[in-house]
Amino acid sequence: MDALSRDFFLFLSKNRGLNYMARRWGKSVASGTIIGGIDFESSIPHIKRLNEKGIQVTVDHLGEFVTDIQVAKERTQECITTIQTIAAEKLDTQVSVKLTSLGLDIDINLVRDHMRDILREATKHEVLVTIDMENESRCQATLDLFTELKQEFKLVGTVIQAYLFRSENDLNDLNEHQPFIRLVKGAYKEEASVAHTEKQDISENFKKLIQKQLETGIYTAVATHDDSMIQYTKQLAEELNIPKDQFEFQMLYGMRAKTQEDLKAEGYNVRIYMPYGDDWYGYFMRRLAEKPSNISFALKGLTKK
Ligand SMILES: Cc1cc2nc3c(=O)[nH]c(=O)nc-3n(C[C@H](O)[C@H](O)[C@H](O)COP(=O)(O)OP(=O)(O)OC[C@H]3O[C@@H](n4cnc5c(N)ncnc54)[C@H](O)[C@@H]3O)c2cc1C
């Protein structure tokens, strides 16, 4: 990855003026291309189209780093309403959440209450909720809360990032709870004191974690667009006699649609992470930081009515 463009797009992702402008033209640029829509209702036709192809979805209401209690409450209610709509519409969809959008940076008791409200509703409708992993400084708090919630609720999972040095130990610690884990490379800019920064080192650790988690027998998600990681997972599963229904591939909405369909046709479980909401700009800039050629999604969106 070109470090300069990565830093540049990560810088842009935090620019308030651009964020405000993006919300104003968000509808035409982003809807149906990199996000499902600016609200959950408008994402439903896109979810149904994927479900018809046998591809499952996890939806995420965009927004993070909330510092206002009222906003955190609104985000919680949004999540609960989304779970109710998933059930009413019979969508094959799970939900992903970011703890900072539900109040992690305000008060741990507040975010715990919000997560319990969400998970009670999720249990009622049998919808799994995955807690996304944010930056390293929030990793311990996220895993602590996940472990606590997992003892009360069955349908909750979380994410482990291969770029963090701590991740193998985290998997060891989490193992006794039989957790649903999504394995990813990691999307944030982290210090070299806590994370691998070289692409090859991240990939090596990713492979190690994939093997470790698949060997536990616990259902696991491998979330990547990287062909070499997909190939590695397929080969490993074959060598270790791990059935295809013990894991799934996950990709972001709008990326590698052909690969998603090919994997499905080969008999693998495929789930698409579909963000929705008007706060899409920071999300999009992080995707550009990973792969500047993703700009084509925005250009495609601009020409769409
Ligand atoms: C479903 C899902 C959920 C995620 N959740 C989290 C989370 O909770 N926390 C977190 O920190 N991160 C999360 N991420 C992001 C993740 O950490 C990575 O930043 C992101 O997926 C990029 O890494 P990669 O493995 O996809 O491949 P990259 O390292 O971006 O790319 C490697 C190679 O893959 C190929 N490739 C990649 N993208 C494309 C493309 N669009 N078209 C064609 N070829 C391509 C290219 O050959 C490229 O060189 C999530 C990712 C996914 C897919």
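The values are calculated or read from the model by the stated rules, or taken from the named source; none is laboratory data. Keep in mind that what you see is a predicted model, and the values were worked out from it rather than measured. In this analysis, Cβ positions are derived from the backbone assuming ideal geometry, glycine residues included, and neighbour counts consider all displayed protein chains.
Restricting attention to the range 55-64, does a residue exist that is modelled with pLDDT under 95, farther than 22 Å from N269 by Cβ and charged (D, E, K, R)? Yes, that holds for at least one residue.
Could you tell me which of the residues T142, T147 is touching a residue at least 12 places away in the same chain (Cβ under 8 Å), within 16 Å of the ligand (Cβ to nearest atom), hydroxyl-bearing (S, T, Y) and assigned to a helix (DSSP H, G or I)? Going through T142, T147 in turn, just one is touching a residue at least 12 places away in the same chain (Cβ under 8 Å), within 16 Å of the ligand (Cβ to nearest atom), hydroxyl-bearing (S, T, Y) and assigned to a helix (DSSP H, G or I): T142. Every residue in the range 113-136 that is at negative phi, among the charged types (D, E, K, R) and surrounded by fewer than 17 Cβ atoms within 10 Å (Cβ to Cβ), please. Once the filter is applied, which keeps residues that are at negative phi, among the charged types (D, E, K, R) and surrounded by fewer than 17 Cβ atoms within 10 Å (Cβ to Cβ), the range 113-136 yields D113, R116, D117, R120, K124.
Is it the case that some residue within the range 188-195 is closer than 24 Å to Q235 by Cβ and within 11 Å of the ligand (Cβ to nearest atom)? Checked the range 188-195: no residue is closer than 24 Å to Q235 by Cβ and within 11 Å of the ligand (Cβ to nearest atom). Answer yes if at least one residue in the range 92-101 is at positive phi and not acidic (D, E), and no otherwise. No, because not a single residue in the range 92-101 is at positive phi and not acidic (D, E). G37 satisfies every condition listed in (1) at pLDDT below 70; (2) not in a helix (DSSP H, G or I) except (1). Among the residues of the range 32-58, those that are under 17 Å from Y281 (Cβ atoms) and more than 15 Å from the ligand (Cβ to nearest atom) comprise G32, G37, I38, D39.
Matching residues to (1) touching a strand residue (DSSP E or B) at 6+ places or on another chain (Cβ under 6 Å); (2) free of Cβ contacts under 8 Å to residues at least 40 places away in the same chain:
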| position | (1), (2) |
| --- | --- |
| P45 | no, yes |
| R49 | no, yes |
| T58 | yes, no |
| T76 | no, no |
| A88 | no, yes |
| I108 | no, yes |
| H114 | no, no |
| R120 | no, yes |
| M133 | yes, no |
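The sole residue among Q231, Q235 that is free of Cβ contacts under 8 Å to residues at least 24 places away in the same chain, more than 27 Å from K154 (Cβ to Cβ) and within 15 Å of the ligand (Cβ to nearest atom) is Q231. Only residues that are touching a helix residue (DSSP H, G or I) at 6+ places or on another chain (Cβ under 8 Å), over 23 Å from D201 (Cβ atoms) and assigned to a helix (DSSP H, G or I) were counted in the range 213-259, giving 5.
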